[in-house]
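K.L.:
Sharing a structure below in structure tokens format, with a few things to ask.
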Amino acid sequence: MRALFVNSPGLGHIFPSVPLAHGLRAAGHDVLYAQGGDVDSVAAAGVDVVDVTPGTDYAKVFQPEDIDFTVDGGDDFLAQLFARVSGVTVDRVLEVARAWRPDLLINSPLQGAGAMAATMLNIPSATLILGPADCSPALAGLLREQMNDRYEAHGLTGRPPEQVRLNSIPPSLLGAMPEELRSPGDWPVRYVPFNGNGQLPDWLLETPQRPRIAVTLGSIAGLWGGLAMLAPLVAAARDVDAEFVVTLGGGDPALLGDLPPNVRAVNWLALGALLPTCSALIHHGGSGTAMAGMSAGVPQCVMPLSPDQKVNLDALVARGIGIGADAATIGAAQFRALLEDGSMRKAAGEVRDEVAVMPSPADLVEHLVDLAK
């Protein structure tokens, strides 16, 4: 079987698909990514990739300066934004699909070019849900409507002949979410953390001498100057009997202020390696980060940067495995809750155990092959 992956730009959209790609390859199937943005990270993950938007500056495509992140535009806003982002990839994605002739198309929820390619080739497609923020069943239809002009330009109508959703959200968390975010026909699949590969520091292999708290803003905020919002957290950490590990994500460490002795800043460290050594996680509310925290069974504190990240926070709070905080005022109260709240720790452990027994990406390979027949 030949499987073509088409994801939205950004590591948070790309990395969750890599374990499935590895599972397909290990079973002897051919995998190719038709990717816009971050193609070097795909190649570094050991998967073949075609750059469908060489030279494109996605900051200009997203136009973040025109987005009011304090307003929750809901699914309509997401569909409108990512129809524009998907649009710059459409022509080349269709060319790659036409030339490579896949049997199955796998895409992230907000990459509309994937469904277009599957429609063109009349092959089934699978959408890999990233987390609560993009799991609304309504999104696919809204994105299709927003891209109607693209479909018409290429003489396409309708949708792929069969579409399935692969969902990594643990059952109890899914049950705590609003009904409009659930789809009973989803295929469950275990979330396997993948954040790239690299050399691990020696200190990560040693048992922490006191509780360790991971702090991250993901792969985008650091590059856009967002690390400054962590300065109050770093200052408050000085008086806490815990070790803090702050991942910079390519950002300027000077924005954090003076680092206390119990705060360690690292440019990049895979959460899959870091979180098993941690007692808690503080982050921005990205889907991949939240899912990695669930896999590790650690309580989470979320300081959302955008409305979609608040959706992830709401899901964590509803399940009892997370709390929210304001980056400007976070301090000892939140740190203490993460480390000492027994009910939150118990719930986080329950969710971790749920994740562990969900079908792995490798377990899904046979079903995907059947889908493509």
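K.L.:
Based on the alpha-carbon gyration tensor of the range 261-373 and its eigenvalue square roots a ≥ b ≥ c, which shape applies: rounded if a/c is under 1.5, prolate if not and a/b is larger than b/c, or oblate? Don't jump to the answer; show the numbers that get you there.
P.N.:
Details: a/c = 1.86, a/b = 1.83, b/c = 1.02.
It is prolate, given that a/c is not under 1.5 and a/b is the larger ratio.
K.L.:
OK, next. How high is the relative contact order of the range 237-295, in percent, with contacts defined as C-alpha pairs under 8 Å that are six or more residues apart? List each step's numbers first, then the result.
P.N.:
On the way: 46 pairs, mean separation 18.6, N = 59.
Computed over the range 237-295, the figure is 32 percent.
K.L.:
Angle, helix 112-121 long axis vs. longest principal axis of the chain, Cα atoms, 0 to 90°, nearest 10?
P.N.:
30
K.L.:
Output the direction-averaged projected area (hull surface divided by four) of the convex hull of the alpha-carbon atoms of the range 130-280, in nm².
P.N.:
So the mean shadow area of the Cα hull is 12.9 nm².
K.L.:
Rank by packing, highest mean first: peptides 189-200, 173-184, with packing defined as the count of other Cβ atoms within 10 Å averaged across residues.
P.N.:
On the way: 189-200: 18.1, 173-184: 14.5.
Ranking, from highest mean packing down: 189-200, 173-184.
K.L.:
Over the chain, what is the relative contact order in percent, taking alpha-carbon pairs closer than 8 angstrom and at least six residues apart?
P.N.:
17
K.L.:
Amide H of residue 104: which non-local residues (sequence gap of 5 or more, or other chain) have their own amide H closer than 5 Å, using H built in the peptide plane?
P.N.:
Correct list: 2, 4.
K.L.:
Can you give the three extents of the C-alpha atoms in the range 110-156 along their principal axes, from longest to shortest, in whole Å?
P.N.:
33, 21, 12
K.L.:
Pairing the Cα long axis of helix 74-87 with the longest principal axis of the chain, what angle in degrees results, from 0 to 90 and rounded to the nearest 10?
P.N.:
60
K.L.:
Moving to a separate point now. Pull out a ≥ b ≥ c, the square roots of the eigenvalues of the alpha-carbon gyration tensor of the range 199-280, then state rounded if a/c is under 1.5, prolate if not and a/b is larger than b/c, and oblate in the remaining case.
P.N.:
oblate
K.L.:
Which value at 222 nm does the chain reach when only helices count, each DSSP H run of 4 or more adding -39,500 (n - 2.57), with the total divided by all residues and rounded to the nearest 500 deg cm²/dmol?
P.N.:
Helix-only estimate at 222 nm: -11500 deg cm²/dmol.
K.L.:
Apply the a/c threshold of 1.5 to the C-alpha gyration tensor of the range 94-201 and tell me whether it is rounded, prolate or oblate.
P.N.:
oblate
K.L.:
Something else about it: Can you tell me the relative contact order of the range 247-356? Whole percent, Cα pairs under 8 Å, sequence separation 6 or more. Write out the running numbers ahead of the final one.
P.N.:
Numbers: 139 pairs, mean separation 26.0, N = 110.
Averaging sequence separation for qualifying contacts and normalising by length gives 24 percent for the range 247-356.
The numbers here are math on the coordinates, done by the rules we state, and not lab data. Not measured: the values here are computed from a predicted model. Every residue, glycine among them, receives a Cβ derived from its backbone with ideal geometry; neighbour counts consider all protein chains shown.
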